[in-house]
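Below you'll find the structure, written out as structure tokens, and then a few comments.
Read-outs: derived from the displayed coordinates by stated rules, not from any lab. Every value quoted in this text rests on a predicted model; they were computed, and no experiment measured them. Virtual Cβ from ideal backbone geometry, glycine too; neighbours counted across all protein chains shown.
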Amino acid sequence: MRVRLIFAFAIALSTGLQLSAQEQAVSIFNGQDYSGWHGNNPHTTAKAKDREASLEKQAAEFANHWSVEAGEMVNDGKGPYATTDKEYGDVELELQYKTVAKGDSGIYMKSTPQIQIWDYTEEGGKWKLGADKGSGGLWNNSKGAPGKDPLVLADKPFGEWNHVKTRLLGSRTWVWLNDKLVVDGVVWENYWDRSKPLPPTGPIHLQTHGAEIRWKDITAREIPADEANQLLRADDAEQGFTSIFDGKSLSGWAGATDNYEVVDGAIQCIKGKGGTLYHEKELADFAVRLEFKLPPGGNNGLAIRYPGHGNSAYIAMTELQVLDNTAKKYAKLDKRQYHGSAYGMAAAHRGYLRPVGQWNTQEVTVVGSTITVELNGSIILKTDLADITSYMQDRQHPGKLRETGFFGFAGHSDPVAFKNIAIKEL
């Protein structure tokens, strides 16, 4: 057996093949009992004064309303939700469900509602709520927001099994219902606090909502960082992004060129050196996509509308921090100094960086005085610098309303690396 496995692996390497998504997926329901699952209605738990006591009570209720029949999870429409013991970050979830007329249910990911499942017929009585558009949408997204309604009606008739596949990268979400794309890479809003992205990780819940529903063939595939980055960047060309780095040289770049080098297809600040390296084309409104890798304690920045001289944190529109938030030496920084923040002006949400040494993917959109930063699929900063009147150490930022300038990297002596750098002018 070992020889056959080694031989198969050698063939895969020689042909450049990778294991398929299905081969990497892991069953998270064994078809016999609820090992790896427990009962938890997050709405109930969130309101409880004693979380542990609430979960203990829900455990008893769970046993009364959930059963296993012929390899299927069966719920009678009541009780707490079936909840994974394990928490997931970037993941592909696949399952099949079958419900009945007037059924209403959903799939929560990262403990957040929800991929909607319901009776799509007029007789179901919920057309006014959007049921006529079918299942699969992110029903708790804001009214009119992308993804709230599914792109197509893809439900099968009652009595038939429906197949759901969902991909979640940060807050970016794709849903396929019966092999039809119904949600296409939109942001899943955080129902619990819409000012924040989805949490980095969380459990999966299968909702109960008044009618019998059955689930089977439930698998989860955790998506590694490199693949997640590729998936998040898959539409670069379609979206109009153009590469500004050839992966071999600093051709087209100016400024501190002596303080940066190209290493393994990435622009990297030379250890012990710094300064601002910037691309030679001046920009007004633009979006940039790139990948970066931090060494332990790494510190750099993205210079936004940089004039070509001076300190980018103050003379440019801003410097967006690129920082190892986990380093002990940075434990007591001002909150406006952590990764993704508009330095000294606006704080980004923390907790969304990949582990040090892994590549992260980031998109920055600059329109007028507004800046949006999306890190690994989660929006960690959305701010209008024109509205900011409070600054770190009361130090003014005279460049914050600059309307044009260059894009670049503001090095601070650490070998932070950047690759796959692409710009779209807006």
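Just a few scattered comments:
- Fully extended contour minus Cα-Cα distance, from A63 to H43, at 0.36 nm per residue: 5.3 nm
- On Cα atoms only, tilt of 2-15 relative to the major axis of the chain in degrees: 50
- With a threshold of 30 Å on the Cα-Cα distance, the over-threshold entries among K216/K293; K143/K216; K57/K133; K196/K328; K165/K335; K329/K382 are K216/K293; K143/K216; K57/K133; K165/K335.
- Mean projected area (nm²) of the alpha-carbon convex hull when the range 135-264 is viewed from all directions: 12.3
- When H205, H397 are sorted by how many other C-beta atoms sit within 10 angstrom of their C-beta, beginning with the fewest, the order is H397, H205.
- For the range 17-223: relative contact order, % (alpha-carbon pairs under 8 angstrom, 6 or more apart): 30
- For the range 261-356, the square roots of the Cα gyration tensor eigenvalues, ordered a ≥ b ≥ c, give a/c of at least 1.5 with a/b no greater than b/c, which places it in the oblate category.
- Rounded to 0.05, the FRET efficiency of the K248 and K196 pair, given R0 = 56 Å and the Cβ-Cβ distance, is 0.90.
- Both the radius of gyration and Dmax for the chain are 24.3, 71 Å, in that order, over alpha-carbon atoms.
- Highest GNM mean-square fluctuation among D184, D33, D193, for the chain modelled with Cα contacts below 10 Å: D193.
- Within straight-line reach of K128, meaning a Cα separation under 15 Å, sit the following aspartates and glutamates at least 8 residues removed in sequence or on another chain: D104, D119, D149.
- Between D50 and K328, the FRET efficiency from the beta-carbon distance, with R0 = 35 Å, is close to 0.50.
- Global geometry of the range 236-425, whether rounded, prolate or oblate, following the gyration tensor of its Cα atoms and the 1.5 cut on a/c: rounded
- Fewest-first ranking of I421, I117, using other Cβ atoms within 10 Å as the exposure measure: I421, I117
- Computed FRET value (nearest 0.05) for T121 with I270, which takes r as the C-beta separation and R₀ as 60 Å: 0.40
- Mean-square fluctuations from a GNM of the chain, with a 10 angstrom spring cutoff on Cα atoms, peak among K216, K281, K400 at K281.
- The share of Cα pairs per 10 Å bin across the range 308-396, counted from zero up to the longest distance, runs 17, 50, 30, 4 percent.
- Likely footprinting exposure, L381, L375, L426, fewest C-beta neighbours within 10 Å first: L426, L381, L375
- Anisotropy class assigned to the range 17-223 is rounded, per the alpha carbon gyration tensor with a/c under the 1.5 cut-off.
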